[in-house]
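Read the structure below first, then the notes.
The values are calculated or read from the model by the stated rules, or taken from the named source; none is laboratory data. In this text the structure is predicted, and so the values were computed from the model without any measurement. So basically every Cβ, Gly included, is an ideal-geometry build from the backbone, and we count neighbours across all protein chains shown. Surface accessibility is based on the protein's heavy atoms, side chains included, excluding ligands, DNA and RNA. Shrake-Rupley method; radii C 1.70, N 1.55, O 1.52, S 1.80 Å.
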Amino acid sequence: MMKSRAAALAAASLLALGAAPVYAAPAAAESEATAAPDADADAGIVVTAQRRSEPLQNVPVSVGVLSGNDLTSYAAGGADTLLSLSGKVPSLYIESTTGRIFPRFYIRGLGNVDFYLGASQPVSIIQDDVVLEHVVLKSNPVFDMAQVEVLRGPQGSLFGRNTTAGIIKFTSNQPTEEFHGQGSVSYGTYNTVSAEAAVGGPLSQDHKVMFRVSGLIQHRDNWIDNTFTGTSADGTVTPAKKVMGGYDERDVRGQLLFTSDYGFSAQISAHLRDYKGTSTLFYRGSLAKGSNGLPANFDQSKVALDEANNNPQAYKTQGVSLKLAYDFGNATITSITAFERSSGYSRGDTDGGAAANFPVNGVPNGFGQSQGQLRDLKQFSQEVRIASPDSGRFKWQFGGIYFDSRDTTEFDQRAYFLTTAAYNPNNFVVLRNVNTSTAVFGQASYDLTDQLTLTAGARETTDIRSTRLLKTANTQADVATYSGRRFVRLIDSKPSFDASLLYKATPDLSLYARVARGFRGPTIQGRSAVFNSDFTTANSETNTSFEAGLKSSFWGRKGHFNATGFYYTVKNIQLNGNDSNGNGVLFNADKARGYGMEAELDLQPVQGLKLNAGISLLHTEIDDKRVYAQVCALNGVVVCTVGNPTIKVGANTFAQIDGNPLPNAPKYNINVSARYEVPTGPGKLFVAGDFNKQGYTSFVLYKSAEFNAKGSYELGLKGGFTTDRFEIGAFVRNLTNQHNLIGAIENFMAGVYNEPRVVGASVSAKF
């Protein structure tokens, strides 16, 4: 029944030209070697979804593409460069309830809502061929980018572990043989500044040594008032004007490339990040029982927090990678060695407001201050692969990778309230997390005929994860009371694979079908130790996905239309709920299913006009009658409207989640953008806009009237004057100043909202 519905939906989607998604206009081609991006007009967009430079139309994988110019435009108002990508590619959704240092990624509805610093995600992030696994490393800002590729569905063969949903592959602009520089700066509301610059070129007369240096600076003034008027348990007194909402982002990347006439190349890349800002604000009381609508007096510039010292957040990250390649003629061997390091902290008033102001049964309720501190994170990875040339009837590649991530993390949940002043300075834990992974992989592609190509790949991965409790959550007298297990180690080995057929019906039309299986290793949730509760764990999950689609060009290649229908089953899916303290709890459900489609259209109907459109349709459901998730409750009182059957276990209420959609899985997403240019004098006048609308999205595992969004949208506009080397313009992001609900703290009916409207001007130049 479900498969037939999926097939019908996929078939219908191929006919829906008018409902097509964001397909970036032909962007610069990315070379998997070290050359700078260089697009071939006949090839269109060139991608490296199979670790080879290939035209998108020839790749049997569903890939969404954005150019570096797109990224700059979306982040013009100083927005987080990663969060601003949400919805800009069909089936891609990104959110965060932990500020800029912990984005959570979802592809085709698969992701992880867990806010634990040691959480794993089924979407892998790769920057310049380096896998970034830890959630903090995944937050590294993207700037001076050539291209972004979103590979949808399991990518288990070539990219391996924790890719059951897919990967997002960022490729920066590379050093070039010609001297080149570019820069842009924008200024807007709240004294928001966003500046990006890059310069590079040859360092030797023979152009064998090249460099590129690029940087990003973002700043916003604090614009949110803390209106709390009492005295908090730690002695601080408020209110205070404009003490939250600001940030300072400083990032730099340097690249040095050496090439030779003998097929050898070496490239070293290093980057630094220094960030300070405000963690996510939870607006307590912005949700009322029975509705997800905003109260009439909601003001995003005001929040009343009695603890957490105005939610500060700060992180520093450093990384270096070395890429070596040698072309033997009939094969190329590539080595990628990378090391990343990070540390920082994030503090928040978890209940989103003064506990005394929100009593339940006459008793003030709140968590108080919550803090996560990454004392030290170190990640090392080494990958080696050997591959045949990109041309020829038979192409192959195989290799192996070793991955090691170790961090020492502190979690602090100092539960003190105004009425009791029950401040406990020893209520924090220290954890040591270690994750190692090894894998061997290979893929081969063979042209069965001039029109039909078979591709197949496989990977064997061994994943080991452990967590050790170094310090327990002690009493005020510094006496340890926890007697549970202090060390947990999980290990699993599983194969992944994919196989596809690509049929080139005509030079402008390709049809493909693909089956793939991905694997996500076992996971440990250690943060529960802060409440003297045992660690929770989840076993490995596997995703088996089927998809089929078309990729086409038409109207003299002034238009492109791609569409894909898919169906997947995730067995033993890892889910995350909450306990009575609002703390994350890991568990496995038997399975989850999803089906839907993506379609992408770009078109240049007349001189000077470019249109892009995109749509994704998605249905997901959990399939396990035995699993229940704890619902919103304080002191045993359910404070929201639950739409599933419930049971009581002690003082806690649990809802059956069988048949429910996965959290943060929009039923649909529509994205449309356009740019029109009119020649005038030495340049062109232009106007551009982008629009995104999102269908019903639940933020929790159980059905509720409050914790969901439906029909959320944002609109951006820009206009100005441009030449070949210079552009000046004015812009507005979130034109209608929509307050879109993007998350919630259930127990406290506290909402999380998107960024406010930002109006500004920008200037860019290149030479």
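One table, with the values for the structure above:
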item: Cα shape, region 283-346, gyration tensor, a/c 1.5 rule; result: prolate
item: Accessible surface ranking that places the most exposed of Arg161, Arg485 first, with a 1.4 angstrom probe; result: Arg485, Arg161
item: Lysines whose Cα lies under 21 Å from that of Lys625, excluding same-chain neighbours fewer than 8 positions away; result: Lys3, Lys571, Lys591, Lys648, Lys703
item: Computed helical MRE - 222 nm, the chain, DSSP H runs ≥ 4 contributing -39500 (n - 2.57), nearest 500; result: -1000 deg cm²/dmol
item: Entries of Lys610/Lys710; Lys693/Lys766; Lys169/Lys718; Lys169/Lys471; Lys276/Lys302 with Cα pairs more than 31 Å apart; result: Lys693/Lys766; Lys169/Lys471
item: Rounded tilt (10° steps) of 2-15 against the dominant C-alpha axis of the chain; result: 50 degrees
item: Overall form of region 460-595 per C-alpha gyration tensor (a/c, 1.5; a/b vs b/c); result: prolate
item: The chain - charge dipole about Cα centre, Lys and Arg +1 at Cβ, Asp and Glu -1, debye rounded to 20; result: 1200 debye
item: Answer label for Cα extents along the principal axes in Å (calculated), chosen among (1) 74, 58, 52; (2) 79, 69, 46; (3) 86, 67, 51; result: (1)
item: Around Tyr275: net Lys/Arg minus Asp/Glu count, Cβ-Cβ under 9 Å; result: +1
item: Test item: Cα-centred dipole of region 446-567, Lys/Arg +1 and Asp/Glu -1 on Cβ, debye; result: 380 debye
item: Surface accessible to a 1.4 Å probe, Leu501 within the full protein complex, Å²; result: 80 Å²
item: Qualifying chymotrypsin sites (Phe, Trp or Tyr not before Pro) for region 147-193 [loop in DSSP, other Cβ within 10 Å: at most 12]; result: Phe179
